[in-house]
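The values are calculated or read from the model by the stated rules, or taken from the named source; none is laboratory data. Everything numeric here is computed off the predicted structure, so don't read it as measured data. Backbone-built Cβ (ideal geometry, glycine too); neighbour counts: all protein chains shown.
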Amino acid sequence: MNIADLARVRDEQLAGEPVGQASGAGARALMESIMAEERVPVRRRAPRRGRWLALGVVTAAAATVLAVGVPPFGGPVTQYANAAVSVKAGDDYLEVAINDPEAEAEKFTEAFRAVGLDAVVKKAPVAPEDVGKLLGPIMDGEFPPGTGVKGSWTTENCASAWCGKVAIPIHFKGKVIFGIGRPAAPGEPYATRGLVSPAADGGPIDGYKARGKQVSEVRADMERLGLKITYVVMWSNPDGSGEGYRVEDAYIKDDWIVHHVRKTASDAAEVTVEAGPDVPKDSLPKVPLREGLDWWKD
Amino acid sequence: MGVDPESRFEEIYGSSYGPLLGYALRRCSDPDDAADVVAETFMVAWRRIEEVPKGDEARLWLFGVARNVLANQRRGERRHEQRTAALRAQLAATPLVAEPPGEDLSQLGRVFRALSEDDKELLALVAWERLDPGQIARVLGISRNATRVRLYRARKRFARGLAEAGIDCSRAVAMEGSNL
């Protein structure tokens with residue numbers, strides 16, 4: 001006897017029964033019922049793929065300013081580039097190519113202002129993989145009706161350090177704050193969340209994946225890596241989306257299921273868990289947001 | 001991709017329905033729960049059809065989704081009662097799965113059931129789904145090296161349990177389709 005003998009049913013046996021075949025009545029009815037549902041794709045993070053409409057690439061050596069589409073009476077231009085960054089403004093979006101992530105923040109500010117935004121650019125502490133990327137925007141003021149902010153970035157056809165597109169109401173009159181990622185100091189809270197890519201289990205792991213594991217297992221992995229843990233509890237909706245907030249460790253049960261883990265500093269990780277089955281939505285006490293998220297404030 | 005979502009889904013459904021039903025039936029004591037897991041898993045695949053990998057990878061992707069569905073399933077909670085009505089009726093009429101599984105009183109069964117859920121699942125993926133460590137890595141979303149380490153440890157714990165129960169380990173831990 002071996003473990004295979006403990007299986008309630010084997011695939012070969014099932015294949016010999018009508019119920020085990022995709023063409024069987026039950027299977028067909030299920031498939032048709034699923035396909036009758038309108039496909040509402042689950043919203044994912046901003047895609048890495050996308051088409052970047054290449055701006056004129058400005059080399060670091062050519063520290064000249066390129067302004068295109070200058071209106072006759074001295075208003076904002078539609079394209080602007082200096083040694084640090086190229087910015088192109090469309091009707092409701094900005095295309096941004098960061099050429100020199102280490103340039104002074106003022107150089108970035110100059111470019112965003114040139115295309116008409118009341119913008120400030122600040123350096124923000126981030127994980128190594130996010131250095132040189134654009135953060136934000138943080139916007140302070142009233143949004144025009146029906147507008148919002150959405151960002152995406154691409155590595156395709158990107159001759160610069162970072163290329164991306166920010167959907168933004170260009171004629172927004174309030175203050176806009178962008179960040180450029182700089183390497184965080186050891187222990188300094190990240191302005192964004194980094195990936196956890198540890199060596200654990202005695203061997204190399206290419207990208208730690210926590211999804212579906214129990215809290216106890218992930219906690220042990222994080223402790224082995226020397227990472228301090230904070231928790232976010234989320235409640236999932238049937239459509240795959242979810243909402244949640246930060247909760248004290250004491251409320252987290254070992255057998256809850258982990259959704260994902262992100263590093264929040266070189267020595268800290270934030271573990272997002274699914275609330276246990278008997279925990280009503282928003283019933284746990286909230287704790288304040290973690291440090292590091294206020295990089296944009298003065 | 002060049003293939004419309006409907007054709008792609010039908011293709012995935014056709015090739016993976018049987019293995020996925022087997023996967024669910026082997027892990028649910030109630031066939032109705034298994035039908036619900038199959039329905040929810042394919043529902044996720046339908047919504048995320050662009051993310052489902054091609055070829056045999058699709059089956060592994062579905063096992064990974066089913067594992068999460070199982071982890072979140074509450075006993076007796078049926079999210080797809082209507083759409084699985086015909087499938088449940090068919091399952092109920094199939095002698096293979098219609099009767100509740102008798103308690104496996106063998107010592108080997110007891111030792112296996114006493115393992116942690118993670119160890120059981122790893123060994124089951126080898127012995128029941130006949131997956132190799134690379135395939136298991138994709139189901140669990142971990143690296144191949146981590147899978148090998150975890151499998152090694154699970155097998156050691158299983159062998160230790162068998163030894164304590166007085167079972168000849170060398171034969172009992174031989175797993176079909178595996179050289180582990």
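What to note about this one:
- Tallying residues that are outside any strand (DSSP E or B) and in contact with a helix residue (DSSP H, G or I) (Cβ under 7 Å, 6 or more places away or on another chain) within the range A:264-297 yields 1.
- Against the list (1) under 17 Å from B:R26 (Cα atoms); (2) at pLDDT 85 or above, the condition B:W61 fails is (1).
- Tally, over the range A:249-293, of residues that are touching a His at 6+ places or on another chain (Cβ under 7 Å) and of a type in the set (S, T, Y): 1
- Some residue of the range A:220-242 being over 28 Å from A:A124 (Cα atoms), at pLDDT 90 or above and out of contact with any Asp or Glu (no Cβ under 7 Å at 6 or more places or on another chain): yes
- A:L134, sole failed condition from (1) crowded, with 23+ Cβ neighbours inside 10 Å; (2) in contact (Cβ under 8 Å) with a residue 60 or more places away in the chain: (2)
For every residue, the table says whether it meets (1) of a type in the set (V, I, T); (2) surrounded by 20 or more Cβ atoms within 10 Å (Cβ to Cβ); (3) under 23 Å from A:G187 (Cα atoms).
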{"site": "A:A250", "(1), (2), (3)": "no, no, no"}
{"site": "A:V258", "(1), (2), (3)": "yes, yes, no"}
{"site": "A:E274", "(1), (2), (3)": "no, yes, no"}
{"site": "A:D278", "(1), (2), (3)": "no, no, no"}
{"site": "A:K281", "(1), (2), (3)": "no, no, no"}
{"site": "A:P285", "(1), (2), (3)": "no, no, no"}
{"site": "A:P288", "(1), (2), (3)": "no, no, yes"}
{"site": "A:D294", "(1), (2), (3)": "no, no, yes"}
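- Filter result for B:G166 (in contact (Cβ under 8 Å) with a residue 24 or more places away in the chain, among the small types (G, A, S), more than 11 Å from chain A (Cβ to nearest Cβ) and buried (at least 18 other Cβ atoms within 10 Å of the Cβ)): no
- Listed by position, the strands (runs of 3 or more DSSP E) enclosed by the range A:81-188 that each have at least 3 residues that are modelled with pLDDT under 80 are A:134-140, A:150-154, A:162-167.
- Within the range B:15-64, the set of residues being part of a helix (DSSP H, G or I), closer than 23 Å to B:F112 by Cα and not hydrophobic (A, V, I, L, M, F, W, C) comprises B:P19, B:G22, B:Y23, B:R26, B:R27, B:P31, B:D33, B:G64.
This table checks each residue for (1) under 16 Å from the mean Cα position of the chain (by Cα); (2) within 24 Å of A:V258 (Cβ to Cβ); (3) within 8 Å of another protein chain (Cβ to nearest Cβ).
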| site | (1), (2), (3) |
| --- | --- |
| B:D4 | no, no, no |
| B:R27 | yes, yes, no |
| B:V37 | yes, yes, no |
| B:V52 | no, yes, no |
| B:W61 | yes, yes, no |
| B:L70 | yes, yes, no |
| B:R88 | no, no, yes |
